[in-house]
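What follows draws every value from the coordinates through simple rules; no lab data is involved. These figures come from a predicted structure and were not determined experimentally. Backbone-built Cβ (ideal geometry, glycine too); neighbour counts: all protein chains shown.
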């Protein structure tokens, strides 16, 4: 099977490329614009693999995307390319509108034309998976879960742009019969995550004995999903999911942000002991504007229809994650030194 992956040099995308090439045996073409959060080093061990190819292109560039489809002739598309950091969307929403909405439109439109010209058999088998986020649903109270039928209620420019791209995918299915599906995942964690995200940011700051910033009182809750479990889910949804449907992907691992930071500190205190506990570095900072209080995914449809289940719980997944960052300083150190050094992002712009 030939699978076009967009955004494959990013965090989730690189995990997906490894899984598709090495475990599934698919032929993968990774299309990535290599923006700040992409890292070609994440895919170093795939570079010479006969089942993997890379093309540098922006999904907003229609001619470049048309060429990709014409030359690669994919059997499926898994679309991950996106601006994804909520904090950056607060002060730089334009990039999110352009990439996440206009880029998704461009990709869908090129894919639709390509799909319509396929032979009947290939046309029947073709799939387009729009990979999205639980943030499109907004914020939960103390109880309840996000279901596939939960109404969209995005709070940030990032989640609004992802909601729009989801609506485009469903519209293409309903209007043109285009074989699109959507997945909505909870917070991912694991190896090769860009250092602006909570877990690698706290890890790197702790190693440097810098303050560990916690938004507000740290009570915001997320459902944590190990990235390799997500990669397996995406392949299942793409190959076996019902067209026009949505599938929620969650790890059933709800933790407050403060609990996550505590877990990182405790693991580091054990794996790389210092003179004092990392917990002493925790600092509470002004909360993020529009910060949703709680996300939690109901993954029952994915589990019952497609037989997926998470293989990692939060304890085992975090142990693997922190061990990976300790063993792979050559991956994150250049990013920390040259791209993002841990500064606060996402404060509302002042007039």
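Relative to the longest principal axis of the C-alpha atoms of the chain, give the angle of the C-alpha long axis of helix 157-176, reported between 0 and 90° and rounded to the nearest 10°. With rounding to tens, the tilt is 20 degrees. The long axis of helix 104-116 is offset from the longest Cα principal axis of the chain by roughly 30 degrees. Counting every other Cβ atom within 10 Å of each residue's Cβ, 308, 324 order from fewest to most as 324, 308. Among 152, 247, 36, the residue with the largest mean-square fluctuation in a Gaussian network model of the chain, with springs joining Cα atoms closer than 10 Å, is 36. Antiparallel beta bridges, as assigned by DSSP with both residues in the stretch 196-306, represent about 40 percent of the total such bridges. Centre-to-centre, using Cα atoms only, the stretch 269-290 and the stretch 62-116 are separated by 37 Å.
The alpha carbon gyration tensor of the stretch 193-351 gives principal lengths a ≥ b ≥ c with a/c of 1.5 or higher and a/b greater than b/c, which makes the shape prolate.
For the chain, relative contact order (Cα pairs under 8 Å, six or more residues apart, normalised by length) works out to 19 percent. Remark: the Cα gyration tensor places the stretch 99-167 in the oblate category, a/c being 1.5 or greater and a/b not exceeding b/c. Paramagnetic label reach from residue 176 (point 7 Å along Cα→Cβ; backbone nitrogen cut-off under 17 Å): within the stretch 57-71, residues 59-71.
Relative to the compact-globule scaling 2.2 N^0.38 Å, provide the ratio for the alpha-carbon radius of gyration of the chain.
Computed over Cα atoms of the chain, the ratio equals 0.96.
Under the rule a/c < 1.5 gives rounded, and otherwise a/b versus b/c splits prolate from oblate, where does the stretch 14-82 land using the Cα gyration tensor? Oblate shape, in that a/c is at least 1.5 and b/c is the bigger or equal ratio. Across q = 0.15, 0.20 Å⁻¹, the stretch 51-120 modelled as identical point scatterers on its alpha-carbon atoms has Debye log10 I(q)/I(0) values of -0.55, -0.86, in the order of the q list. Exposure proxy shown here: for 146, 194, 72, the number of other Cβ atoms within 10 Å sets the order, fewest to most, as 72, 194, 146. Note on the stretch 240-298: semi-axes of the ellipsoid equivalent to its C-alpha gyration tensor, largest first and rounded to whole Å, are 34, 18, 8.
Based only on other Cβ atoms within 10 Å, what is the fewest-to-most ordering of 159, 139?
139, 159
Here the chain carries DSSP beta bridges of which approximately 10% are antiparallel, counting only pairs with both residues inside.
Annotation: extensible slack from residue 286 through residue 124 equals 53.2 nm (criterion: 0.36 nm per residue apart, minus Cα-Cα distance). Relative contact order, whole percent, for the stretch 219-351 stands at 36, derived from Cα pairs under 8 Å and 6 or more residues apart. Pick from 295, 176, 114: which residue has the top mean-square fluctuation in a GNM of the chain where Cα pairs under 10 Å get a spring? Highest fluctuation among the options: 176.
What's the angle, to the nearest 10 degrees (0 to 90), between helix 227-240's Cα axis and the longest principal axis of the chain? The answer is roughly 20 degrees.
Highest GNM mean-square fluctuation, the chain, Cα pairs closer than 10 Å: which of 100, 257, 313? Greatest mean-square fluctuation among the candidates belongs to 313.
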